[in-house]
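Undergrad: Below is the structure I would like to discuss, written out as C-alpha cells.
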Amino acid sequence: AVCSMGNSTSRLYSVLAKTLSSGAVSQHQDCLEQLDPARLDPIDPKDLLEECQIVLQKRPPRYQRNFVNLKKNTASNHRPIRVMQWNILAQALGEGKDNFVQCPMEALKWEERKCLILEEILAYKPDILCLQEVDHYFDTFEPLLSRLGYQCTFFPKPWSPCLDVERNNGPDGCALFFLKDRFELINSANIRLTAMKLKTNQVAIAQTLKCNETGRLFCIAVTHLKARTGWERFRSAQGCDLLQNLKNITQGANIPLIICGDFNAEPTEEVYREFSNSSLNLNSAYKLLSPDGQTEPPYTTWKIRPSGECRHTLDYIWYSQHALNVNSALGLLTEEQIGPNRLPSFNYPSDHLSLVCDFSFNQDPDRLL
C-alpha cells in the first residue's frame, strides 16, 4: 500500500511505482502525514535514475543538450551554484485542459511522464530547483526530492484550474527546492501576488539562503504570472508587486537575487521591461546565449493547440548582474529535436523547456554582503 513506506528493504519504497496518481490531495492527507522526510532513508540519485530508465525503456531516449560556457576571465574560488527553472506542466491540465492536439494521450500518462521529469532533474543535478505547475508535490516531488537532500517548499494557487478537472490531484502551484548541504535557509516568504491592490490567483516563493561554502547571502525566488493574451496589464501589475516584495526582502538589492519564472510574457511586454529596468539591476541570463548578449532565445515553449501553433519565449532566469556572474547556460532543444508535433511528446514531458544556469558570486567584496 502507498502508506507503508518505512521499510528500507525496498530501495525506493515503491515511490515510483505506487505514488498517488488520482484523487485530490486532501483525500490522502492521513497517508501523506506519515511521509515525514526526516524518517525516510536517503536515495542514491543513481538508483532513482535507474528506476526511471526502467520505467521509460519503451520510450525514445531523452534529448541531449549541451551547456554553453559564458564565463568571462574572472576567477572564482567557489563551486558554481546551479539553478534550474522549469514549468513541468500540471498533470491535470495536460490531460484535461490544455488540448495538445498533436500529443497522444498515451504520452501524458503520469506513471511515465513523472519519470521523464525526474530524469531531466537528475541529469542536470541542480543545487536549486524552481518549478511551476506542480500538482504532484505531496505524493511525488516532496517525498523523493527530500530524500535526495533537498529542502522543499510548495505554495499552491488559491484557485487552481486543476481543481476543475475530474480526478485531479489537488491544486497546482510553485515549488522551490535547495540542497541542504550547500545552503542554509535564513528567511522564507510565500507571496500571493496582487494587481490593482487586489489579491490574485498567482503566487511566488522567495527564500534568502546562505551559501555554506562562501558565507554569502542571496535570495532565490520562483513565480508563475497570469497566462493568456489580453492580460498584459495584469501581468505588469503582478510583476510590479513581486519586484516591490523582492526589494524589501533584498534590502534594496543589497542581497543578490535570482528570480526564476514562467512569466507568460514575451520580451516585448511591459512586465519584461519592468524587470529589465528595475532598480534591482537585473539581467536575463538566457540573453547571454545570443551573439550580441542582448536577445532572448527564439522560444522556451512550443506546442500545437486547436487554435494553431504556439511558439513563444515566456520563461526566464533573472539575476543581479552587479553581484553574480553566469558561468554557463544549458542550450535549448533545436527545432529538429523537438519534432513536427512539438511539445509535450514521448521524448519530453512538458510544453516548456527547462532552463539551467551556473552562477558564481562576483568577487568584488565591496558590492556583496
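The values are calculated or read from the model by the stated rules, or taken from the named source; none is laboratory data. Please read these numbers as outputs of a predicted model, since none were measured by experiment. No Cβ is skipped: glycine too gets one built from the backbone with ideal geometry, and neighbour counts run over all protein chains shown. Surface areas here come from the heavy atoms of the whole protein model, side chains and all, with no ligands, DNA or RNA. Shrake-Rupley method; radii C 1.70, N 1.55, O 1.52, S 1.80 Å.
Undergrad: For each pair in LYS157/LYS197; LYS199/LYS247; LYS72/LYS180, compute the distance between the two Cα atoms and list the pairs where it is over 24 Å.
TA: As for pairs spanning more than 24 Å Cα to Cα, those are LYS72/LYS180.
Undergrad: For the chain, set up a Gaussian network in which alpha carbons nearer than 10 Å are linked by springs, and say which option among GLN85, GLN238, GLN321 fluctuates the most.
TA: GLN321
Undergrad: Hey, another quick one. Would you mind getting the Kirkwood hydrodynamic radius of region 128-195 from its Cα pairs, rounded to one decimal in Å?
TA: When all Cα pairs of region 128-195 are included, the Kirkwood radius is 13.0 Å.
Undergrad: A further question follows. Are there trypsin sites (Lys or Arg not before Pro) in region 215-277 that DSSP puts in a loop and that have at most 16 other Cβ atoms within 10 Å, and which ones?
TA: Sparse-neighbourhood loop trypsin sites (Lys or Arg not before Pro): ARG228.
Undergrad: Another question about this same structure. Dipole of the chain, Cα-centred, from +1 at each Lys and Arg C-beta and -1 at each Asp and Glu C-beta, to the nearest 20 debye?
TA: Approximately 460 debye in magnitude.
Undergrad: Describe numerically, in nm with one decimal, the distance between label points set 7 Å from Cα along Cα→Cβ at HIS322 and at ARG228.
TA: Here the answer is 4.0 nm between the modelled labels.
Undergrad: When the Cα centres of region 210-245 and region 255-307 are compared, how far apart do they sit, in Å?
TA: Cα centroid to Cα centroid, the span is 12 Å.
Undergrad: Next question, about the same structure. Ranked from highest to lowest mean number of other Cβ atoms within 10 Å per residue, what is the order of the peptides 160-166, 328-334?
TA: Going from most to least packed, we get 328-334, 160-166.
Undergrad: Tell me, in nm to one decimal, what length is gained between ASN66 and LYS125 on full extension, where the rule is 0.36 nm per residue of separation less the Cα-Cα distance?
TA: 19.8 nm
Undergrad: For region 191-233, give the magnitude of the charge dipole about the Cα centre (Cβ charges: +1 Lys/Arg, -1 Asp/Glu; no others), in debye to the nearest 20.
TA: My answer is approximately 240 debye.
Undergrad: Next question, about the same structure. Restrict the search to region 78-164; then list the trypsin sites (Lys or Arg not before Pro) that DSSP places in a loop and that have at most 14 other Cβ atoms within 10 Å of their Cβ.
TA: LYS97, LYS109
Undergrad: Dipole of region 136-219, Cα-centred, from +1 at each Lys and Arg C-beta and -1 at each Asp and Glu C-beta, to the nearest 20 debye?
TA: Dipole about the Cα centre, nearest 20: 340 debye.
Undergrad: What share of the DSSP beta bridges in region 84-187 is antiparallel, in percent to the nearest 5?
TA: If we restrict to bridges inside region 84-187, about 75 percent are antiparallel.
Undergrad: While we're here: With 32 Å as the cut-off, how large is the P(r) tail for the chain, expressed as percent of Cα-Cα pairs?
TA: 29 percent
Undergrad: Next up: Suppose a student asked you for the relative contact order of the chain, using Cα pairs under 8 Å spaced at least 6 residues apart; what percent would you report?
TA: Reported relative contact order: 21 percent.
Undergrad: Under a cut-off of 23 Å between alpha-carbon atoms, report the lysines in cross-link reach of LYS109, not counting same-chain residues fewer than 8 places apart.
TA: Here the lysines satisfying the reach criterion relative to LYS109 are LYS18, LYS58, LYS97, LYS303.
Undergrad: Of GLY252, PRO297, VAL83, which is farthest on the positive side of the dipole of the chain, counting Cα position, with +1 on Lys and Arg Cβ, -1 on Asp and Glu Cβ, and the Cα centre as origin?
TA: The one lying farthest along the dipole's positive direction is GLY252.
Undergrad: Given the C-alpha centroids of region 46-71 and region 316-350, what is the distance between them in whole angstrom?
TA: Using only Cα atoms to place each centre, the spacing works out to 15 Å.
Undergrad: Follow-up question, since we're still on this one. Counting heavy atoms of the protein chains only and a 1.4 Å probe, report the per residue accessible area for region 176-279 as a whole number of Å².
TA: It amounts to 42 Å² per residue over region 176-279.
Undergrad: Region 238-304: which GluC sites (Glu not before Pro) are DSSP loop and have at most 15 other beta-carbon atoms within 10 angstrom?
TA: Those that pass, being in a loop and sparsely packed, number zero.
Undergrad: Now a separate question. First compute the accessible area of the chain with a 1.4 Å probe, then give the percent of it belonging to carbon and sulfur atoms.
TA: Carbon-and-sulfur percentage of accessible area, whole number: 48.
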